[in-house]
Structure formats: C-alpha cells, structure tokens
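Engineer: Can you read through this structure? Questions will come right after.
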Amino acid sequence: METRRIVDILRNAQPDESVTIQGWVRTKRALKDFSFMEVNDGSFMENLQVILNPDLPDYENILKQLNTGASVEVNGILSPSPGKGQRIELKASQVKVYGEANPETYPLQKKRHSFEFLRTIGHLRSRTNTLGAVFRVRNACAHAIHQFFQERGFLWVHTPIITANDCEGAGELFTVTNLNLKEMPQTETGEIDYSQDFFGRKAYLTVSGQLQAEVMAMTFRDVYTFGPTFRAENSNTSRHLAEFWMVEPEMAFCDLSGDMDLAEEFLKYIFKSVLEKCPEDMEFFNKRIDDSVLATADNIINNQFERVTYTEAIALLEKAKRKFEYPVSWGLDLQSEHERYLAEELFKKPVIVTDYPVEIKAFYMRLNEDEKTVRAMDVLAPNIGEIIGGSQREERLDILEQRLQAQGMNPEDLWWYLDLRRYGTVPHAGFGLGFERLVQFMTGMGNIRDVIPFPRTPLSAEF
Ligand code: 4AD
Ligand code: MG
C-alpha cells in the first residue's frame, strides 16, 4: 500500500480509510489496556496519534522498541479521535520498527531544549517542533521566490561559486586554492605565486552573483540568481553567517524606482504565499517564538513601505530622542541600531533608504548628479535591519572606470564587466535579498544560526 504523508492525513483523510505511514516516534505512553504514540514524518507540525491495542502482533516486544526517536512504519485504519487535540487517529493493525533509539543516550527527550543546546546536535535538531517549522517555512519561501520570478518572466541563471573577483570590494573573501600550504610557490619578489595554482590565478568563493547576473541581464533583460554566497567577515552576530543564500534579481532597462517597486512587491508576495502554505507553522511561531509574527506579516502585506533618502534618514536620526551607541553623521554608514530605530520605532514598517554617500558603497552603483551620492537602496526591516541591498548600476564606462580606480581596484581585472558598458549598455538595476534574514524576519527567530540547517560562522563548521 502506498504510504500517506501525515499532513495529508490530518488535513484531508476520513475515518475508516486504511493507511500506511512512515516516520519517527515523538512520544509513547503505555496504559493498562492499550498504548498510544505520536508519530511525526516532517510533513506537518502536528503528529499523528497512533493507538496500539494488545491484540497487535508481538505487542509487548514492539512496545519496548517504540521509544522517542525510533523509526516506524504503521498500517491501520483511521478513526475519529475521542481525545482532545486531534480530529482523527490511527488504529494500528501492524507496526514495524526500522531503527530503535536508546532512551539512555538519545539527546532529544520530550522537554524544551535551548536553541544553544540544539546547535550542538545539528544533526538531530530538525526533529524538534521549532526547527521543523523553520525548515518548512524556509522551503515555502524558496518556492515562493521562484514562483514570483517565473510568473514575471525572469530567467533563473546560475552564477559561479568560484570566482576571481570581489564584487563588493570589501575584501571579505575566502581564498580557494589547492596549492600545498606547507610549500607555497613563490615569485621572484617573494609573494605567493598563484599562477601555479589550480586556476592559474587567485580565486575565491563568491560574495555575490551580481556581476555575472549583470552579464546575463544584458541578454535576457530580467534574470535572477539564487545560491550560496560566502563572506569571511569576522562578525559574531545574530544576523551574520559566513555562508548564506542570496536571491539577486537583475533587470535591464530599469532604474532605482523600478528596483524598489520590485523589492516591495517581492516581499509582499513571499509573505502572502507562506501564510497560505504554512498557516499552522506561522501560528506556531506567533504563539511560541514571537507574538508579533502574524501582525508583522499583515503589516508587510497591507502597508506601503516608507521611502526616504539617506540624507533624510540622517536628519531623522539626529532628531531622535534617544542615545545611540555609534555616532550619527552624514557620511558614516548606518549601523544596525540606526536601521532598527528607523524601521521599528519611527516608521514601524519596512523603510527603503536611498542615495547613500558614494564613499560607503560599492563601485558599481550609479553616481548621482550631485557626485556625492549613489543610486543605492537598502530595505530595512523591523527586528532585522538591512534585509535587502540593491542599486541602479553605473552604466557609463568612463565613470565606472573612475570609480574602480578611486576604490583602488584595477579596471583590467574586470575587463569583461566593463565590456558590458562598451557594447549595448543600458540603465539597469537589481538587488540582493539575504535569504536567511528573510526567514528570520518571517518566523521571528532571534538567531540566524537557527534558520539555516547547517550554519557556518567563525570557529564553527561542524555537521
Ligand atoms: O548588501 P549586500 O552586500 O549586497 C550585495 O551583495 C549586492 N551585490 C546585491 C545585489 O545588488 N545584487 O548583501 C545583500 C544582502 C544584505 O542586504 C543582507 O540581507 C544579506 O545579503 N547579507 C547577509 N546575510 C547573512 N550573513 C551575512 N554575512 C550577510 N551579508 C549580507
Ligand atoms: Mg548591504
């Protein structure tokens, strides 16, 4: 018989249907006349309650094996549940135990564990209610992202993970090499000779797929890339990972205002779609993790985002009746406390800040007429701060070359990127959404390490 997923049974199945399920025991209780257990197969927050009667073949022996964490297959007949909390339950006619889990050593017994503890058992933590819900919502976000772009005719392009360029120019790159670290070849001047390395040059893990997405946008107009990106920034915060996923749309014939419109429509779409697809998981977050999760989702879907320039934002921060740890002054970058003040306290909704000073932004952003600011935009979200970073790109060859030089970069290293400005250049724009920050925002989870299955952070790459 075909196995049914528990989400389907709990949502759709009727009494008297005969079903087979497969999953893992969450709890078991042995009573005098019968026993029951809760089984979860990852498809749903709720467990399926299974009734075990003593006439079951090998009852006593099977019962001993049904500990929390054991893997099972159950055949039986569904019946209305007389107990509280569930509509339907499964009366087992046959139970097969695939693998036991020793209760003396299995770390996930039925009690609340801290997220810190769960991080030390990264290979088991997805079996908990909270992490289970996180990864289902994460999946629904990813699905909604593809759906959003595919519905709008964007081409999904796959940009490389290994690259020779530093897209953000921030020097936060991991080097990729297969040179013998004990005997690095040297040039005549005593530097490491990367011409003898695998790629014949220095190579890195990418910090962003943007530069290659721009290449593809010059053919296909609207494209997006969605993949892992890597940053060797040594920031041990609840919002930074060394390996994170980024969604980056890039649009030809588009300016900053079109870019902001897309970002806003995009976030609204994802929230709506996840609420429709995972209502039980979202209820759970609202009840158990952060009681503003559903109100936040409603706020995102139904309100227009605020839009202010960087210069206006600085003025607002200077007027704030509140002390900041970091100074506020035109020319300095916004710190996360400033971003959160704007989104959380002042506007109480996402804020798009535009036109940042040229000195604090990447070389590829389009220079404004004032020559002091660039056509950048950051979307700041309550509780998170920067969730999206984007810009209209510099499409003018001469200015782009000057910007590269001003930032101490060598234009020759990006000859192919500059060629896009030589041949059929066009105004274009795009942005990057930090996928884990989105999942954090959506679920109210406090630490970014708990919204990615296997977090990579400074000094931590177990599992
Ligand atoms: O603002 P960023 O650095 O922008 C770019 O990389 C552009 N090339 C994107 C583009 O225009 N195509 O990064 C984009 C987003 C940030 O807004 C943030 O949400 C996320 O990526 N992000 C991180 N998320 C987790 N851990 C980190 N260390 C992150 N650094 C950036
Ligand atoms: Mg940024």
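Engineer: Would you mind telling me the share, in percent, of accessible area of the chain contributed by carbon and sulfur at probe 1.4 angstrom?
Structural biologist: Values: 11110 of 22430 Å².
Of the solvent-accessible surface of the chain, carbon and sulfur hold 50 percent.
Engineer: Moving on. Please give the contour-minus-distance gain from R201 to Q14: 0.36 nm per residue of separation, less the Cα-Cα distance, rounded to one decimal in nm. Walk me through the intermediate numbers first.
Structural biologist: Numbers: separation 187, 0.36 × 187 = 67.32 nm, distance 6.37 nm.
Extra length from R201 to Q14 when fully extended: 61.0 nm.
Engineer: Below 8 Å, C-alpha to C-alpha, sequence gap of six or more: please give me the relative contact order for the chain in percent.
Structural biologist: Working: 849 pairs, mean separation 60.2, N = 463.
It comes to 13 percent, rounded to a whole number.
Engineer: Additional query: Test of the criteria: in the stretch 267-329, which chymotrypsin sites (Phe, Trp or Tyr not before Pro) are in a DSSP loop and have at most 13 other Cβ atoms within 10 angstrom of their Cβ? The partial results should precede the final answer.
Structural biologist: Values: sites: Y269, F271, F284, F285, F305, Y310, F324; in loops: F305, F324.
Here the sparse-neighbourhood loop sites are F324.
Engineer: Rolling a 1.4 Å sphere over the protein heavy atoms, what is the accessible area per residue of the stretch 160-243, to the nearest Å²? Can you show the working numbers first?
Structural biologist: Numbers: 4480 Å² over 84 residues.
Accessible surface, normalised per residue, equals 53 Å².
Engineer: Give me the Debye-computed log₁₀ of I(q)/I(0) at q = 0.11 Å⁻¹ for the chain, equal point scatterers on Cα only, no solvent, two decimals.
Structural biologist: So the normalised log intensities work out to -0.96.
Engineer: Okay, next question. Percent relative contact order of the stretch 126-280, based on C-alpha pairs within less than 8 angstrom and at least six residues apart?
Structural biologist: That works out to 27 percent.
Engineer: What aspartates and glutamates could a cross-link reach from K348, if we take a straight Cα to Cα line under 12 Å and drop same-chain neighbours fewer than 8 places away?
Structural biologist: E306, E339
Engineer: Mind putting a number on the dipole of the chain about its Cα centre? Charges go on the C-beta only, +1 for Lys and Arg and -1 for Asp and Glu, and I need it in Debye to the nearest 20.
Structural biologist: Values: 52 positive and 69 negative charges, 366 e Å.
Magnitude of the dipole: close to 1760 debye.
Engineer: Report relative contact order for the stretch 6-99 in percent, whole number only (criteria: Cα-Cα under 8 Å, sequence separation at least 6). Spell out each step's value before the answer.
Structural biologist: On the way: 201 pairs, mean separation 30.1, N = 94.
Relative contact order comes out at 32 percent.
Engineer: Could you give the DSSP H helices of the chain that reach 15 angstrom or more along their long axis (alpha carbon positions) and whose average Kyte-Doolittle hydropathy is no lower than -0.5? Walk me through the intermediate numbers first.
Structural biologist: On the way: long enough: 129-151 (33 Å, 0.03); 256-277 (31 Å, 0.03).
The answer, listed by residue number, is 129-151, 256-277.
Engineer: At a Cα cut-off below 30 Å, give the lysines reachable from K110, other chains included and same-chain residues fewer than 8 away excluded.
Structural biologist: K28, K32, K64, K84, K91, K96, K277, K287
Engineer: Next question. Excluding ligands, DNA and RNA, what is the solvent-accessible area per residue of the stretch 6-99 at a probe of 1.4 Å, expressed in Å²?
Structural biologist: Working: 4520 Å² over 94 residues.
The answer is 48 Å² per residue.
Engineer: Tell me the Rg and the Dmax, in Å, that the Cα atoms of the stretch 6-99 produce.
Structural biologist: 12.0, 33
Engineer: Multiplying the sequence separation of E337 and R87 by 0.36 nm and subtracting their Cα-Cα distance, what value in nm do you get?
Structural biologist: Contour length minus Cα-Cα distance gives 85.3 nm.
Engineer: Quick check for you: which residues of the stretch 199-242 have the amide N under 14 Å from the point 7 Å beyond the Cα of I192 toward its beta carbon?
Structural biologist: The answer is 199-205.
Engineer: Filter the GluC sites (Glu not before Pro) in the stretch 349-453 down to the DSSP loop ones having no more than 10 other Cβ atoms within 10 Å, then list what survives.
Structural biologist: On the way: sites: E359, E369, E371, E386, E394, E395, E401, E412, E436; in loops: E369, E371, E394, E395.
Those that pass, being in a loop and sparsely packed, are E369, E371.
Engineer: What is the list of residues in the stretch 205-223 whose amide nitrogen lies under 16 Å from a point 7 angstrom out from the Cα of T177, following Cα to Cβ?
Structural biologist: It comes to 205, nothing else.
Engineer: To the nearest Å, what is the center-to-center distance of the stretch 6-42 and the stretch 47-108, using C-alpha atoms only?
Structural biologist: About 7 Å separates the Cα centre of the stretch 6-42 from the one of the stretch 47-108.
Engineer: Per 0.36 nm of contour for each residue apart, how much would the distance between E2 and E283 grow if the chain were fully extended, relative to their Cα-Cα spacing? Show your work: numbers first, answer last.
Structural biologist: Working: separation 281, 0.36 × 281 = 101.16 nm, distance 3.06 nm.
Working it through step by step, the gained length comes to 98.1 nm.
Engineer: With every protein chain kept in place and ligands, DNA and RNA left out, what is the accessible area per residue of the stretch 411-463? Probe 1.4 Å, answer in Å².
Structural biologist: On the way: 2100 Å² over 53 residues.
Using a 1.4 Å probe on heavy atoms only, each residue of the stretch 411-463 averages 40 Å².
Engineer: Which ³J(HN,Hα) values in Hz, rounded to whole numbers, follow from the phi angles of the stretch 69-74 under the Karplus curve 6.51 cos²θ - 1.76 cosθ + 1.60, where θ = phi - 60° and Gly and Pro get x?
Structural biologist: x, 5, 9, 9, 10, 10
The values are calculated or read from the model by the stated rules, or taken from the named source; none is laboratory data. The model shown is predicted, which means the values in this text are computed figures rather than measured ones. Reconstructed Cβ throughout: ideal geometry from the backbone, glycine too, with neighbour counts over all protein chains shown. For accessibility, only protein heavy atoms count, side chains too; no ligands or nucleic acids. Shrake-Rupley method; radii C 1.70, N 1.55, O 1.52, S 1.80 Å.
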